[in-house]
Amino acid sequence: MLAEHLVKLVFFLALIFVLTPWPSPPIALAIGLALGLFLTNPYAKQTKSYSKTLLQVCVVGLGFGMNLQQVIRAGRSGFIYTALGITATMLLGMLLGRLLKVADTNALLISVGTAICGGSAIAAVGPVAGAKDEEMSVSLGTVFILNSVALLIFPAIGLAVGLNESQFGLWAALAIHDTSSVVGATAKYGAGALAVGTTVKLARALWIVPLTIGTAFVKRKEARIQWPWFILFFCLAAIINTYLPVGKEIYPWIVKLARIGLTVTLFLIGCGISKATLKKVGARPLVQGVILWIIVGVLSLLLIRAGVIGL
């Protein structure tokens, strides 16, 4: 009983620290991972639910710091890369799944998570594909592990190879799974990277809808699509910021709160990864996810540096 109270105390002390200006998003994630792996998360169910909602609210809040023309330009420029990238990633992912003898549903979910937007895509496609709870856990665990790694190493790689903020934002949107990690990595890199990364990633998330419908058609199941409404509200926030200057003194505060909320979100996501999650992931699905992620990350980085793709 005493140990349980101590764990709760550590959780709240860590949460309070994350709310201060000192920890960056990667540090917040690392603290959450330490708690999730070495201590039992006392609020596992709540943190899983709150992190998803808080992420969407924070993404909308970040919209108040973006210009609508910039959002449209980034989304339009990244459309072709997104379409080609999603198609190639899906095909390659399913091929790797076959070669590694990963179960078809697991292979599909990991491919979807890598191709579009991580956990959100898996959560939308999984029920339509008839995925079992165990298969959902394995796929989500794989994506969350790789998300954690990406958030920590991508900014360092970007600086090492000399990517400017626009290039890094595009690379993060193409090669990092979840929106939360894209925003966290790009926010650390710079305001320009954050603008490009967020808009391209949110445009990419819209592909959840046609892919879910396509999966339902193939599986002959009724599609229950989880519409990403927060993307619409993000665009509305950008419209308000662009055309309603009357609130120009308030908008920066909303953006600041959204960034603090994002840091808290990453802490909560880290807390949700436990030793049990790592065991559930298993070797083959994780190998599939890692190989697919490395190929996508390296290839997109090379194409961006060569100037083949860009905004």
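The values are calculated or read from the model by the stated rules, or taken from the named source; none is laboratory data. The model shown is predicted, which means the values in this text are computed figures rather than measured ones. Positions of Cβ are generated from backbone atoms using ideal geometry, with glycine treated the same way; all protein chains shown enter the neighbour counts. With ligands, DNA and RNA removed, areas are computed over all heavy atoms of the protein, side chains included. Shrake-Rupley method; radii C 1.70, N 1.55, O 1.52, S 1.80 Å.
Peptides 108-120, 257-269 ranked from most to least packed give 108-120, 257-269, packing being the mean of other C-beta atoms within 10 angstrom over each peptide's residues. Most tightly packed first, judged by the mean number of other beta-carbon atoms within 10 Å of their residues, the peptides 199-209, 165-175, 240-250 read 165-175, 199-209, 240-250.
Extent of the range 135-189 along its three principal axes (Cα atoms, max minus min coordinate, largest first): 39, 16, 15 Å. Rolling a 1.4 Å probe across the protein heavy atoms gives the range 239-284 an accessible surface of 60 Å² per residue. Summarised in one figure, the compactness ratio Rg/Rh of the range 112-245, Cα atoms and Kirkwood Rh, is 1.03. Our summary of shape: the Cα atoms of the chain have principal axis extents of 56, 55, 42 Å, ordered from largest down, in whole angstrom. Against the empirical 2.2 N^0.38 Å (N residues), the range 263-311 has a Cα radius of gyration ratio of 1.65.
Ignoring any ligand, DNA or RNA, what whole percent of the accessible area of the range 116-264 comes from carbon and sulfur when the probe is 1.4 angstrom? It would help to have the intermediate numbers written out before the result.
Values: 4290 of 6360 Å².
Looking at the range 116-264 in its full context, I get 67 percent from C and S.
Rounded to the nearest 20 debye, the dipole magnitude of the range 121-225 is 260 debye, with +1 charges on Lys and Arg beta carbons, -1 on Asp and Glu beta carbons, and the Cα centre as origin. Within straight-line reach of K8, meaning a Cα separation under 27 Å, sit the following lysines at least 8 residues removed in sequence or on another chain: K45, K48, K52, K275, K279, K280. The calculated FRET efficiency for the pair I80 and I157, based on their C-beta separation and a Förster distance of 22 Å, comes to about 0.35. Here the range 156-311 was treated as a single set of alpha-carbon atoms; its pair distances binned every 10 Å from 0 give 9, 28, 36, 22, 5, 0 percent.
Excluding G158 itself, what net charge comes from residues whose Cβ is under 15 Å from its Cβ, given Lys and Arg +1 and Asp and Glu -1? Don't skip to the end; give the middle numbers.
On the way: positive: K188, R305; negative: E165.
The answer is +1.
Taking every full run of DSSP H in the chain, the ones that stretch at least 18 Å from end to end by Cα along their long axis and average -1.0 or higher on the Kyte-Doolittle scale are 2-18, 25-38, 44-62, 79-99, 133-161, 191-205, 229-243, 251-271, 283-305.
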